[in-house]
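Enquirer: The structure's right below; bear with me while I get my questions together.
Every read-out reported here was derived from the displayed coordinates using simple, explicitly stated rules and does not represent laboratory data. What you see is a predicted model; the values in this text were computed from it and never measured. Neighbour counts run over all protein chains shown; Cβ positions are idealised from the backbone, glycine included.
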Amino acid sequence: MEQPLERVTAVVLAGGHLEERLAQVVAVKHKAWIPLGGRLMVERVLDALDGCPRVNHRVLVANAADVPDSVRRRVDALAAPGEKLLDSLESGVNAVQGKTDAILAIPCDMPFLEPASLDDFLDRCARRPAEIWYSFVRREVSEERYPGLRHTWVQMKDGTFCGGGLMLFRPYMLARARALMARLANARKYPWKLAGLLGPKIIFKLIIKRLAIAEAEERMSLLLGGAAAGVESPCPDVGFNVDAPEELLTARVLVGETA
């Protein structure tokens, strides 16, 4: 049964610090402001949102002093970034003031994101009864369009995947995610605690590459106290993020920049 997603707010994450290796090759404070093919990186994400009418509100999480007028005019609200990702998400959610069914979290470094990919992701989410949805892309799909693109690949029973840049969640799930992250942080130095939290069966199956997506969803739902769904995207642009100079170089080549 499809879930109502009539009011979707996009929270575009454009705050925080530039990754150390990227900072060595670009002269901007944040990758949102990296020029690429005559457009700022974040403008390319906003272009994709322009073609997705199902997203009816936009919040940009960024330092207000850094936001050029050309970008400011294209969003409904600005929110200050936090020290950590969840802090920035919370800031973006607070700017919505509760007037949304779901939050679509998008990083600013998805230079090839297409409107059709956003629509496809939202369609797939609507068909999965859940409270938080996370995108991922199959290795074969990514490499067909972007051969050799660097990713952190995870081999599951169902195939080999990388995480996608899109996440959708009901606003109340943010507090639950924060509580879970705190539990994981407290357990990270103690293998027995981590095993107790994730479950030894889950860890063992992940190690031997036999963990099924459905099993991971079930365990994450239990940990979050709300239904979690992994959403496989057939769109390779959903898995293209610029986290290092290598991805930036690839992106520049793809837009025809040679320098």
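Enquirer: Could you please tell me which pairs satisfy a Cβ distance under 9 Å, a separation of 6+ or placement on different chains, a first residue in the range 221-239 that is touching a residue at least 60 places away in the same chain (Cβ under 8 Å) and within 24 Å of R176 (Cβ to Cβ), and a second residue that is β-branched (V, I, T) and surrounded by fewer than 18 Cβ atoms within 10 Å (Cβ to Cβ)?
Expert: Pairs that qualify, where the first residue is touching a residue at least 60 places away in the same chain (Cβ under 8 Å) and within 24 Å of R176 (Cβ to Cβ) and the partner is β-branched (V, I, T) and surrounded by fewer than 18 Cβ atoms within 10 Å (Cβ to Cβ), are G230/I213; E232/I213.
Enquirer: Could you run through the range 88-107 and say how many residues are free of Cβ contacts under 8 Å to residues at least 60 places away in the same chain and within 17 Å of A177 (Cα to Cα)?
Expert: The qualifying residues number 2.
Enquirer: Given the options V25, V71, V45, name the one that is in contact (Cβ under 8 Å) with a residue 40 or more places away in the chain, of a type in the set (A, V, I, L, M, F, W, C) and closer than 17 Å to L113 by Cβ.
Expert: V45
Enquirer: Take the conditions out of contact with any Ser or Thr (no Cβ under 7 Å at 6 or more places or on another chain), among the polar types (S, T, N, Q) and within 24 Å of P129 (Cβ to Cβ) and apply them to S233. Does it pass?
Expert: In short, no.
Yes/no per residue for (1) out of contact with any Asp or Glu (no Cβ under 6 Å at 6 or more places or on another chain); (2) within 16 Å of W33 (Cβ to Cβ); (3) among the small types (G, A, S):
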residue: R54; (1), (2), (3): yes, no, no
residue: R58; (1), (2), (3): no, no, no
residue: G98; (1), (2), (3): yes, no, yes
residue: L104; (1), (2), (3): yes, no, no
residue: D109; (1), (2), (3): yes, yes, no
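Enquirer: Please work out if K193 is touching a helix residue (DSSP H, G or I) at 6+ places or on another chain (Cβ under 9 Å), buried (at least 16 other Cβ atoms within 10 Å of the Cβ) and without any contact (Cβ under 8 Å) to a residue 60 or more places away in the chain.
Expert: no
Enquirer: Moving on. Hey, any hits in the range 116-124 for a residue that's farther than 30 Å from R252 by Cβ, touching a residue at least 40 places away in the same chain (Cβ under 8 Å), part of a helix (DSSP H, G or I) and of a type in the set (K, R)?
Expert: Checking the range 116-124: at least one residue is farther than 30 Å from R252 by Cβ, touching a residue at least 40 places away in the same chain (Cβ under 8 Å), part of a helix (DSSP H, G or I) and of a type in the set (K, R).
Enquirer: For the range 1-51, how many residues meet the condition of being aliphatic (A, V, I, L, M) and assigned to a strand (DSSP E or B)?
Expert: Summing the residues that are aliphatic (A, V, I, L, M) and assigned to a strand (DSSP E or B) in the range 1-51 gives 7.
Enquirer: Moving on. Name the single residue that is surrounded by the most Cβ atoms within 10 Å (Cβ to Cβ) among those in the range 57-83 being under 26 Å from D101 (Cβ atoms) and out of contact with any strand residue (DSSP E or B) (no Cβ under 6 Å at 6 or more places or on another chain).
Expert: Among those that are under 26 Å from D101 (Cβ atoms) and out of contact with any strand residue (DSSP E or B) (no Cβ under 6 Å at 6 or more places or on another chain), it is A62.
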